[in-house]
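*Asks:* Below you will find the structure I want to go over with you.
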Amino acid sequence: MKKVLLSLLVITAFQVNAQKYLTKSGTIDFLSKAPLETIEGVNKSVAALVDAQTGSLDFIVQIKSFVFDRQLLQEHFNENYMESTKFPKATFKGNIENMKSINLTKDGEYDAITSGKLTIHGVTKDVKQKGKLLVKGGKIVLISNFSVLLADYNISIPGAVKDKISKDVKVNVKCTLDPIK
Amino acid sequence: MNRLLFLALLLIQQVAFAQTDTKDELENLLSQEQKPVKEFVKNAFKSSRVINGHSMEFIGKGVLDFRILHRFGALNTGWRELFGLDQASMRMGFDYGISKNLTIGIGRSTFNKEVDGFVKYRIAHQHKGLKPIPLSLIWVSGMTMNTTKITDSKLNAFENRLGYYHQIIAGRKFGEAFTLQLSPTFVHRNLVDLPVDNNNMIALGVGARLKLTNRTALILDTYPILYGDHEGYNIFPLSIGFDIETGGHVFQLHVSNARGMNEKAFITETTQDWTKGEIQIGFNLSRVFTIVKNTESSW
């Protein structure tokens, strides 16, 4: 019995020490292409965490860290659309479902099926998305491109600017995660 | 049996522990080494002007703001003048943001054919977080030049056309919806119309904004005169308006008793009386152009 207990403890200890990957400077940019205007915002301080053992995947995106070429757009983005003082961050909490089939010790490009909860503007939705996971010299790179329908997250576009802001926004994720020592 | 139960409990506990641990692990990792940052207060006003007077807001580095201010005639002129809409007076101007805290601007008003220019500098910027400051402090200095024909040849000297103003704005955004600023202003005119007029005047500007929705706000802009007014002639300017934001424009619709559209003009040359219905409708239109691309986030 004692052996069982011991081995159990060892297993748990191993789980806690399982390899994790982290970045605080990942990139997420988005593109809104409307008939009259193309708007682009870039965030270069995205935080992401991958747990290789459980396959869990988390993102934290500070809304105020998005940079726009035009300051007025940035102001409106924060003030009118994302309401960044009320909802300072967007998050994703989920899993890489096929983590088992990804060999993190071997460089290469893998398909990653992710699912989880995406929270933007205070609204949480279940999402499932296919992305890419690159293994490069012990680091992992997460790449994903997807569309977000603004209405899904209670972000309304006033009539006056409906030709300037697209109803769905293309989001590109590229994060390079380093193993945590 | 007891032992098995104990083991099962231990296992459940472990799993539960592991789950709560990973749930906010990223958040914990981030907060561990997060340095406090200065969280600057933004959008205290929607525009760099309350209505007529300067606001505590800046247009930002590399931004050119093309401003058209338009004032109709007095409402009490009656239906023959379509309640003032037949008449118009305007100021056209350009403001440019040299840096985040420094703006310069020029403009020309049809009222007195006056050219004006100003420099506006932010001494302190209200922020939370690291070493918080509860209010913003701004210094503004401007100069005006009347370009009408001076008929009296004895008075026809360049310096007689000039006026100056200096202003300190102390403002604070209280929460998301309300902003209040006080702006003591000193105005000097090199030449005044009458011997009883004072060359120097001091007014205390009061500007307020109440946010109604994400794109609209109620605004108040008034400059009670503290010193130097010619009684029975000068009346303090009072403007009440409505900010509407549409994409790249800020549209300010208001009613006011002031005709002047620079600090010297609206402080020293306002003679219309609200109580007699001598007010007019006016609007300010602002269109910004990005000259230098922005590279800074909104922190």
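The values are calculated or read from the model by the stated rules, or taken from the named source; none is laboratory data. Everything numeric in this text was worked out from a predicted model, so none of it was measured. Positions of Cβ are generated from backbone atoms using ideal geometry, with glycine treated the same way; all protein chains shown enter the neighbour counts.
*Asks:* Which residues, taken from the range A:42-62, are at the interface with chain B (Cβ under 10 Å from one of its Cβ atoms) and of a type outside the set (A, V, I, L, M)?
*Replies:* Within the range A:42-62, A:Asn43, A:Lys44, A:Ser45, A:Asp51, A:Gln53, A:Thr54, A:Ser56, A:Asp58, A:Phe59, A:Gln62 meet the criteria.
*Asks:* Here's something else I'd like to know. Out of all the residues in the range B:67-82, which are within 28 Å of B:Ser47 (Cα to Cα) and either in a strand (DSSP E or B) or free of Cβ contacts under 8 Å to residues at least 12 places away in the same chain (or both)? Break it down stepwise before answering.
*Replies:* Pass one, the range B:67-82, residues within 28 Å of B:Ser47 (Cα to Cα): B:67-75.
Hits for the range B:67-82 are B:Arg67, B:Ile68, B:Leu69, B:His70, B:Arg71, B:Phe72, B:Gly73, B:Ala74.
*Asks:* Of all residues in the range B:248-260, which are closer than 15 Å to B:Gln272 by Cα and either within 14 Å of chain A (Cβ to nearest Cβ) or β-branched (Val, Ile, Thr) (or both)?
*Replies:* Scanning the range B:248-260 gives a single hit, B:Val255.
*Asks:* When residues of the range B:187-212 are filtered for being over 18 Å from the mean Cα position of the chain (by Cα) and either within 28 Å of B:Val250 (Cβ to Cβ) or outside any loop (DSSP other than H, G, I, E, B) (or both), how many remain?
*Replies:* So the count comes out to 6.
*Asks:* Among the residues of the range A:134-145, which ones are more than 13 Å from the chain's Cα centre (by Cα) and surrounded by 15 or more Cβ atoms within 10 Å (Cβ to Cβ)? Steps first, please.
*Replies:* So in the range A:134-145, the residues more than 13 Å from the chain's Cα centre (by Cα) come out as A:134-140.
Those that are more than 13 Å from the chain's Cα centre (by Cα) and surrounded by 15 or more Cβ atoms within 10 Å (Cβ to Cβ): A:Leu134, A:Val135, A:Lys139, A:Ile140.
*Asks:* Among the residues of the range B:87-110, is there at least one that is more than 14 Å from every other protein chain (Cβ to nearest Cβ), aromatic (Phe, Trp, Tyr), over 18 Å from B:Ile219 (Cβ atoms) and more than 19 Å from the chain's Cα centre (by Cα)?
*Replies:* Scanning the range B:87-110 turns up no residue that is more than 14 Å from every other protein chain (Cβ to nearest Cβ), aromatic (Phe, Trp, Tyr), over 18 Å from B:Ile219 (Cβ atoms) and more than 19 Å from the chain's Cα centre (by Cα).
*Asks:* If I ask for residues that are assigned to a strand (DSSP E or B) and aliphatic (A, V, I, L, M), which ones from the range A:18-44 would you list?
*Replies:* A:Leu22, A:Ile28, A:Leu31, A:Ile39, A:Val42
*Asks:* Quick check: anything in the range B:136-150 farther than 24 Å from B:Phe66 by Cα, in a strand (DSSP E or B) and not charged (D, E, K, R)?
*Replies:* Yes: the range B:136-150 contains one or more residues that are farther than 24 Å from B:Phe66 by Cα, in a strand (DSSP E or B) and not charged (D, E, K, R).
*Asks:* Within the range A:158-181, how many residues are within 14 Å of chain B (Cβ to nearest Cβ) and either over 20 Å from A:Asp29 (Cα atoms) or in a strand (DSSP E or B) (or both)?
*Replies:* Of the residues in that region, 12 qualify.
*Asks:* While we're looking at this one, here's another question. Can you tell me which residue among A:Tyr110, A:Tyr81 is buried (at least 17 other Cβ atoms within 10 Å of the Cβ), of a type outside the set (Gly, Ala, Ser) and touching a residue at least 60 places away in the same chain (Cβ under 8 Å)?
*Replies:* On inspection, the qualifying residue turns out to be A:Tyr81.
*Asks:* Given the structure, is B:Thr270 in contact with an Asp or Glu (Cβ under 8 Å, 6 or more places away or on another chain), buried (at least 17 other Cβ atoms within 10 Å of the Cβ), at pLDDT below 95 and over 17 Å from B:Ser55 (Cα atoms)?
*Replies:* no
*Asks:* Mind telling me which of the residues B:Glu159, B:Glu245 ends up being buried (at least 22 other Cβ atoms within 10 Å of the Cβ) and either within 14 Å of chain A (Cβ to nearest Cβ) or among the charged types (D, E, K, R) (or both)?
*Replies:* Only one candidate passes the filter, namely B:Glu245.
Each row is one residue, and each column tells you yes or no for (1) within 14 Å of another protein chain (Cβ to nearest Cβ); (2) assigned to a helix (DSSP H, G or I); (3) of a type outside the set (A, V, I, L, M); (4) more than 30 Å from B:Phe289 (Cβ to Cβ).
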{"site": "A:Lys64", "(1), (2), (3), (4)": "yes, yes, yes, no"}
{"site": "A:Val67", "(1), (2), (3), (4)": "yes, no, no, no"}
{"site": "A:Asn78", "(1), (2), (3), (4)": "yes, yes, yes, no"}
{"site": "A:Gly94", "(1), (2), (3), (4)": "yes, no, yes, yes"}
{"site": "A:Lys117", "(1), (2), (3), (4)": "yes, no, yes, yes"}
{"site": "A:Asp126", "(1), (2), (3), (4)": "no, no, yes, yes"}
{"site": "A:Gln129", "(1), (2), (3), (4)": "no, no, yes, yes"}
{"site": "A:Asp152", "(1), (2), (3), (4)": "no, yes, yes, yes"}
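*Asks:* Restricting attention to the range B:189-220, which residues are under 26 Å from B:Ala124 (Cβ atoms) and touching a Gly at 6+ places or on another chain (Cβ under 8 Å)?
*Replies:* B:Ile202, B:Gly205, B:Gly207, B:Ile219, B:Leu220
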